[in-house]
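Below: one structure, written as structure tokens.
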Amino acid sequence: MREVSKQTVETTYKHAQQSIESTKDIQQLSKSLETNDQIEEEQKERIEAHAETMQKHAQKFQELAHRLIEDPSIDVFSEAVEQHIKVNEAYIKANKEFQKKIQPPA
């Protein structure tokens, strides 16, 4: 069975930690918008939903990064990468939603 390198395991672990931090940032942003009257309620809810999605996938990504230390298989690495992608997709969606607040459509 093929395994990923130790460097790849370490990098994956660092990215998992960064995903957790990014999730916290979006969650804080979401909470700060709760009292903001300049943003529509639907936007607040969408940003909050993206933050929840990020949290779910970031936690799974972190679990897989930990598992990768013990089992550096391509299968575990692939699962971790999939979760990382999902975290990033939710992060992008949350940021795009927030950008609507800053720059409403013309």
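The values are calculated or read from the model by the stated rules, or taken from the named source; none is laboratory data. Here the structure is a predicted model, which means the values were calculated and not measured. Every residue, glycine among them, receives a Cβ derived from its backbone with ideal geometry; neighbour counts consider all protein chains shown. SASA here: full protein model, heavy atoms, side chains in, ligands and nucleic acids out. Shrake-Rupley method; radii C 1.70, N 1.55, O 1.52, S 1.80 Å.
Looking at GLU97, GLU34, GLU45 in this structure, which one is charged (D, E, K, R) and either touching a Lys or Arg at 6+ places or on another chain (Cβ under 6 Å) or on the phi > 0 side of the Ramachandran plot (or both)?
After ruling out the rest, the residue left standing is GLU97.
Quick one: which of GLN27, GLN38 is over 21 Å from GLU79 (Cβ atoms) and open to solvent by 60 Å² or more (accessible area, probe 1.4 Å)?
None of the other options fit; the residue is GLN38.
For VAL4, work out the one condition from (1) open to solvent by 100 Å² or more (accessible area, probe 1.4 Å); (2) touching a Pro at 6+ places or on another chain (Cβ under 7 Å) it doesn't fulfil.
Against the list (1) open to solvent by 100 Å² or more (accessible area, probe 1.4 Å); (2) touching a Pro at 6+ places or on another chain (Cβ under 7 Å), VAL4 comes up short only on (1).
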